[in-house]
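The values are calculated or read from the model by the stated rules, or taken from the named source; none is laboratory data. Note that the structure is predicted; figures quoted are calculated from it, not measured. All Cβ positions, even for glycine, are placed from backbone atoms using ideal geometry, and neighbour counts span all protein chains on display.
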Amino acid sequence: MRIPDKNLAEVFDRGFTVVEGFLDKTTLSDAQDALWEIYPRPEAYFADPEAHPKFAKSQFAGLRFFPYPSWALNKVTVYPDLIDAAERFLRTTEIDCYKIELWAKYAGAIDYDQHHHRDYENHTIVVPRADQLMPQMTCFILLSDVTELDGPTKAVPLEKTRQVPIGVTQTEMGDFFEDEVSVTGPAGTILIYKTDVFHRGSNFKAPGRSRFVMPIDFKPRGWRWQGKLAWPDRTLNPGWKEAMVNMTPRQRDLFGWPPAGDPYWNAQTLSDVALRYPGIDLSPYGGQVRATAGLNPA
Ligand SMILES: O=C(O)CCC(=O)C(=O)O
């Protein structure tokens, strides 16, 4: 669904917004099915947690960076209403998707409680501007239902923390707990927040529960002090080529793919990119150029 203007305004005013029903049912259920190519199903995990010791090693052990083996998960990251929201929030169509994760948590694997923090500490090498210019748009898409029992993210409305200088990134455990709001909702819900908002992960409140979310982050293009992942470093991972082949030029552009009309494209690059990405339609970038192994036209 299209994120209403009032919710994007709420991100600026309150620091975050929560919109239920963001993903359509098919996209959501396809993505949920694809989770089990990566993570143990909850019933499998809870049947024998000790068979999955890695989830006990750290709160972050369930994190996996983009790309994923299945297009069903990769396509969530370029969901048209997500791109639309990022363009409207960042007030430009010149945007980068700079970080994509999947995050699985299983009750009892470890204590997932955190103190409040501001995410900018590892999303920019400086600090966000207090006047809200040049923001980054950070999101969590819930791929499982999240109730109070399921370790919801807890976010503190900006008005409660205005006295804390933006240069402060962490609070003591317990600070602002009385002001925090739980981000709950059915699978398909999106949380959009800013990188200067205090928030934290929380622990499960019942056994046998699990939580699966997809954090996805956008920034305006060209502000080189912001960012997190370098996409060229992810291209050898399963799913990257299929994702690039399946994406539209608009969607590829979010990852830094050269746009149509860019001087990068010539007969040689069209031919060799087609060799690297079998099946890709490069006609938007310069017409049909047949990829021919061993031939390297000028
Ligand atoms: O998992 C969550 O709900 C939030 C985690 C978080 O904010 C973090 O680790 O930076």
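Screening ASP111 with (1) closer than 26 Å to ALA44 by Cα; (2) under 20 Å from the mean Cα position of the chain (by Cα) gives one miss only, at (2).
Yes/no matrix, rows are residues, columns are (1) touching a His at 6+ places or on another chain (Cβ under 6 Å); (2) at pLDDT 95 or above; (3) buried (at least 17 other Cβ atoms within 10 Å of the Cβ):
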residue	(1), (2), (3)
THR147	no, yes, no
ALA155	yes, yes, yes
MET173	yes, yes, no
ASP179	no, yes, no
ILE190	no, yes, yes
GLY201	no, yes, yes
ALA206	no, yes, no
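Among the residues that make up segment 113-122, is at least one of them in the same structural domain as PHE218 (by TED's automatic domain parsing), under 30 Å from GLU50 (Cβ atoms), within 14 Å of the ligand (Cβ to nearest atom) and buried (at least 18 other Cβ atoms within 10 Å of the Cβ)? No: zero hits. Please indicate, with yes or no, whether at least one residue in segment 70-90 is closer than 30 Å to GLY167 by Cβ and within 16 Å of the ligand (Cβ to nearest atom). No - not one qualifying residue is present in segment 70-90. Specify which of the listed residues (GLU20, GLU43, GLU10) is loosely packed, with under 12 Cβ neighbours inside 10 Å and either in the same structural domain as LYS160 (by TED's automatic domain parsing) or not small (Gly, Ala, Ser) (or both). Being loosely packed, with under 12 Cβ neighbours inside 10 Å and either in the same structural domain as LYS160 (by TED's automatic domain parsing) or not small (Gly, Ala, Ser) (or both) holds for just one of GLU20, GLU43, GLU10, which is GLU43. Between VAL197, VAL168, the distinction of being out of contact with any Gly (no Cβ under 6 Å at 6 or more places or on another chain) and within 16 Å of the ligand (Cβ to nearest atom) belongs to VAL168 only.
Comparison of LEU191, LEU142 shows that the only residue that is within 13 Å of the ligand (Cβ to nearest atom), in contact with a Cys (Cβ under 7 Å, 6 or more places away or on another chain) and of a type in the set (A, V, I, L, M, F, W, C) is LEU191. Checked against (1) within 16 Å of the ligand (Cβ to nearest atom); (2) part of a loop (DSSP other than H, G, I, E, B); (3) surrounded by 20 or more Cβ atoms within 10 Å (Cβ to Cβ); (4) not aliphatic (A, V, I, L, M), PHE212 passes all but a single condition, namely (2). The one condition from (1) touching a Lys or Arg at 6+ places or on another chain (Cβ under 7 Å); (2) farther than 14 Å from SER210 by Cβ; (3) within 16 Å of the ligand (Cβ to nearest atom) that ARG64 does not meet is (1).
For every residue, the table says whether it meets (1) within 13 Å of the chain's Cα centre (by Cα); (2) farther than 26 Å from PHE176 by Cβ; (3) of a type outside the set (Lys, Arg).
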position	(1), (2), (3)
VAL78	yes, yes, yes
ILE83	yes, yes, yes
GLU94	no, yes, yes
PRO128	no, no, yes
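Conditions (1) surrounded by 14 or more Cβ atoms within 10 Å (Cβ to Cβ); (2) at positive phi; (3) at pLDDT 95 or above, marked per residue:
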site: GLY222; (1), (2), (3): no, yes, no
site: GLU242; (1), (2), (3): yes, no, yes
site: MET247; (1), (2), (3): yes, no, yes
site: ASP253; (1), (2), (3): yes, no, yes
site: GLN268; (1), (2), (3): no, no, yes
site: ALA291; (1), (2), (3): yes, no, no
